[in-house]
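First comes the structure, then the notes that go with it.
Values in this text are rule-based calculations from the coordinates and carry no lab data. This one's a predicted model, so the numbers in the text were calculated from it and none came from an experiment. Note that each Cβ is placed from the backbone with ideal geometry, even for glycine, and that neighbours are counted across all protein chains shown.
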Amino acid sequence: MKRNPQELSLSSRRITRRALVTGGLMTAFSGLLVARMNHLQVDQADEFLLLAEENRIKVRLLAPARGVIFDRNGRILAGNEQIYRVSMIREDADDVDETITRLRGLVRLDEERLQRAIREMDRRPHQAVTLADRLSWEELSTIAVNVPALPGITPEVGLSRVYPLGQDYAHVIGYVGRVSERDLENEEDQDPLLQTPQFQIGKIGAERRLEHVLRGKAGSRRVEQNAAGRIMRELGRTPGQSGKDVQLTIDAALQNFTQVRLAGESASCVVMDVTNGDVLAAVSSPAYDPNLFVSGISVPDYAALRDNDHRPLHNKIVQGLYPPGSTFKMVTQLAALEAGLVAPGETVWCPGYLTVSNRRFHCWKRGGHGHVDAAKSLRESCDVYYYEMAQRAGIDRIAAMARKLGLGVAHDIEMTSISDGLIPDREWKRVRRGEAWRIGDSLNASIGQGYVLTSPLQLCVMTARLASGLEVVPRLVRSIDGVAQPSGVKRPLDIPRSLLDLQREAMYQVVNARGGTAGRSRFDMGGVKWAGKTGTSQVRNITAAERARGVFRNEDLPWERRDHALYVGYAPHDDPKYAISVVVEHGGGGSAAAAPVARDVMLYALSGGMPPVSAYPAGQQGEMAEYLASLPVDPALTPPAGKSEA
């Protein structure tokens with residue numbers, strides 16, 4: 001059919017308009033596409049390059065070496081050992097179950113630990129989680145060869161904490177362990193190191209208190225990985241900054257001897273240098289091996305420690321609180337003497353008891369001590385004398401003197417869970433008990449019973465202050481990275497020297513004079529002697545009926561109902577250098593259970609090695625020679641007698 005010119009012209013105009021619209025749209029779209037490509041390829045080139053690099057290149061944190069802890073003579077107490085381990089990142093693995101099955105075919109995996117690791121990967125799919133550590137070199141090599149077939153698996157060489165002297169320092173240094181959710185919650189600075197696999201953090205003791213000193217700063221390494229997430233090569237490495245090394249004041253040899261000497265007892269012992277406050281030995285017995293906790297202690301091992309009635313997990317040095325018994329009597333006597341309420345030569349009559357408000361307060365010696373002055377009261381530990389002093393001085397003066405001597409104070413040393421003890425006064429009982437203070441409370445407190453509670457560390461501080469006349473405070477850290485830490489000696493005590501001299505003379509008589517309660521624990525090492533005070537604290541009430549028929553002997557009672565045995569002392573008596581405190585839980589009398597331990601430890605400190613048998617009384621030398629030879633001390637630590645390294 002033939003179209004006329006008018007129709008052809010109209011059709012041509014329509015086609016031209018459509019072509020122009022289509023061309024315009026195509027031109028606009030092309031312009032937008034070019035502009036977008038320019039924005040992506042030019043303006044955002046760096047950003048997309050970074051994203052591509054992040055997919056191809058991964059940055060891994062490198063844990064630094066933890067600072068090493070030494071004793072005062074340079075022996076390693078807490079160090080680091082190289083270990084081999086294998087970790088896994090869940091999001092980098094294709095099939096977790098399949099990968100673990102393949103890994104099982106190469107090395108033996110602990111099932112309990114593996115299940116914990118799988119649960120941890122569920123919570124942290126983007127973080128590396130350790131599946132096994134302390135592998136052999138052969139096992140690590142086998143895994144490394146098969147890494148291409150193990151997506152998400154990384155064999156690693158790392159460091160782990162090790163305690164070469166085992167239980168000797170369990171309660172002083174403590175231990176490290178893997179970072180827990182609780183650690184992350186308590187951490188203020190949220191150090192990225194805490195997210196690294198198997199990173200170890202201080203849990204208790206000096207490891208915890210010095211965590212930020214010992215931890216160091218993280219390093220990093222850049223690795224290239226392929227699309228499957230497998231590491232192809234290492235591109236670079238920035239080393240971390242190791243933690244600072246710490247030197248303690250403890251003497252490893254003295255610590256080991258003290259630990260061995262207390263074996264079998266539920267007890268504690270602290271030795272201090274009275275001239276600078278250095279803690280030379282701090283032992284809580286029984287102890288435990290801190291190496292068990294580093295990788296996670298097993299359930300049976302932990303149960304054995306938890307259920308032991310001697311409480312090896314309890315740090316008796318600073319957490320143990322005990323009535324100080326007669327070791328508190330110097331406090332009561334000084335309170336009365338300082339206030340001018342009694343003269344040193346004034347006597348008090350002791351018939352074996354004191355009646356107050358129709359109640360009898362008994363002396364430990366049933367027949368009494370007769371006329372007793374200040375020196376004799378300490379030498380023979382007469383209770384009635386101190387009942388009288390308590391009535392004269394009052395509890396508030398006694399409490400003030402106790403605090404002046406370092407009792408009732410949480411001394412700030414690098415341990416955890418430090419108790420401040422309890423030195424009661426009128427205000428304390430009114431606030432805490434809602435009751436008025438009674439005269440009977442004062443009498444009980446005067447002999448270290450009643451509400452009074454002290455720790456072995458506090459008792460050693462008290463003894464150091466009495467011996468030196470200085471406000472000695474305990475020091476556990478000697479230096480950090482070679483920088484000496486402040487001394488533990490401050491200003492002189494605000495107590496007249498004449499009164500301190502009286503206490504020292506009486507404490508000398510406790511050990512060296514006839515009738516002294518610690519007479520069997522005297523020694524003479526070339527003219528060097530010592531001074532001290534025994535103590536026995538009751539853990540049960542003695543009824544009037546029991547007194548009438550005769551008090552049960554400690555050895556006839558169940559262990560947990562026996563009295564605690566205590567002793568404090570210092571040496572040399574005429575030029576004090578060392579102070580010591582010993583507490584033997586349920587040990588019976590202080591003269592029988594605590595003083596002999598203190599004597600052996602003090603002789604070791606003075607001689608710098610095994611106690612010389614010649615220092616013991618002639619009648620005891622044969623027995624002591626045999627006993628000392630039987631002690632399983634570490635021969636690598638114990639130098640010959642007289643060869644001190646301190």
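From the phi angles alone, apply the Karplus equation (6.51, -1.76, 1.60; θ = phi - 60°) to segment 427-435 and give each ³J(HN,Hα) in whole Hz, x where the residue is Gly or Pro.
3J(HN,Hα) across segment 427-435, in whole Hz: 5, 4, 5, 5, 6, 7, 10, x, 10.
At 222 nm, what value in deg cm²/dmol follows for the chain if DSSP H runs of at least 4 each add -39500 (n - 2.57) and the sum is divided by all its residues, to the nearest 500?
Helices in the chain give a 222 nm mean residue ellipticity of -10500 deg cm²/dmol.
Stretch ARG102-ALA618 to full length: gain in nm at 0.36 nm per residue minus the Cα-Cα span?
That works out to 178.5 nm of additional length.
Which trypsin sites (Lys or Arg not before Pro) does segment 564-646 hold that lie in a coil by DSSP with at most 14 other beta carbons within 10 Å?
LYS643
Whole-Hz Karplus ³J(HN,Hα) for segment 284-301, in order, using 6.51 cos²θ - 1.76 cosθ + 1.60 and θ = phi - 60°, x for Gly and Pro?
Running phi through 6.51 cos²θ - 1.76 cosθ + 1.60 with θ = phi - 60° gives 10, 10, x, 10, 8, 8, x, 4, 5, 8, 4, 9, x, 6, 6, 4, x, 5 Hz.
How much of the DSSP beta bridge set in segment 58-248 is antiparallel, as a percent to the nearest 5?
Beta bridges within segment 58-248, antiparallel portion: roughly 95 percent.
With a/c under 1.5 counting as rounded, go ahead and sort segment 356-474 into rounded, prolate or oblate using the C-alpha gyration tensor (a ≥ b ≥ c being the square roots of the eigenvalues; past the cut-off, prolate if a/b is larger than b/c, else oblate).
Taking the square roots of the gyration eigenvalues as a ≥ b ≥ c, segment 356-474 is oblate.
Which peptide among 254-263, 328-337 comes first, and what is the full order, when sorted by highest mean count of other Cβ atoms within 10 Å?
The most tightly packed comes first, giving 328-337, 254-263.
Beyond a 21 Å Cα-Cα separation, which of these cross-linked pairs lie in this structure: LYS316/LYS404; LYS329/LYS376; LYS316/LYS376; LYS329/LYS490?
Over 21 Å Cα-Cα: LYS316/LYS404; LYS316/LYS376; LYS329/LYS490.
Just check segment 420-522 against the gyration tensor rule for me: Cα atoms, a ≥ b ≥ c as the square roots of the eigenvalues, rounded for a/c under 1.5, and otherwise prolate or oblate depending on whether a/b exceeds b/c.
The shape class here is oblate.
Report the antiparallel proportion of the DSSP beta bridges in the chain as a percent, rounded to a multiple of 5.
Of those bridges, close to 95 percent are antiparallel.
Determine the relative contact order of segment 58-248: mean sequence separation of Cα pairs under 8 Å and six or more apart, normalised by residue count, in whole percent.
That works out to 35 percent.
Over the chain, what is the mean sequence separation of C-alpha contacts under 8 Å (at least six apart), divided by residue count, expressed as relative contact order in percent?
13
Kirkwood Rh over alpha-carbon pairs of the chain, then Stokes-Einstein at 10 °C and 1.306 mPa s: what D in µm² s⁻¹, rounded to an integer?
54
Assign one of three labels to segment 58-248, namely rounded, prolate or oblate, based on the Cα gyration tensor with a ≥ b ≥ c the square roots of its eigenvalues; rounded applies when a/c is under 1.5, prolate when it is not and a/b is larger than b/c, and oblate otherwise.
It is prolate, given that a/c is not under 1.5 and a/b is the larger ratio.
So if I place +1 on the C-beta of Lys and Arg and -1 on the C-beta of Asp and Glu, and nothing else carries charge, what would the dipole magnitude of the chain be about its Cα centre? I want it in debye, nearest 20.
1360
Once the Cβ-Cβ distance between ASN276 and VAL162 is put in as r, and R0 is 35 Å, what FRET efficiency do you end up with, to the nearest 0.05?
0.70
Which of the listed residues, SER141, ALA128, GLY31, is farthest toward the dipole's positive end in the chain, when Lys, Arg count +1 and Asp, Glu count -1 at the beta-carbon?
GLY31
Could you run the Karplus curve 6.51 cos²θ - 1.76 cosθ + 1.60 with θ = phi - 60° over segment 582-587 and give me ³J(HN,Hα) per residue in whole Hz, x for Gly and Pro?
In residue order, the calculated couplings are 9, 10, 10, 5, 6, x Hz.
Take the Cα atoms of segment 590-642, build their convex hull, and give its volume per residue in Å³.
84
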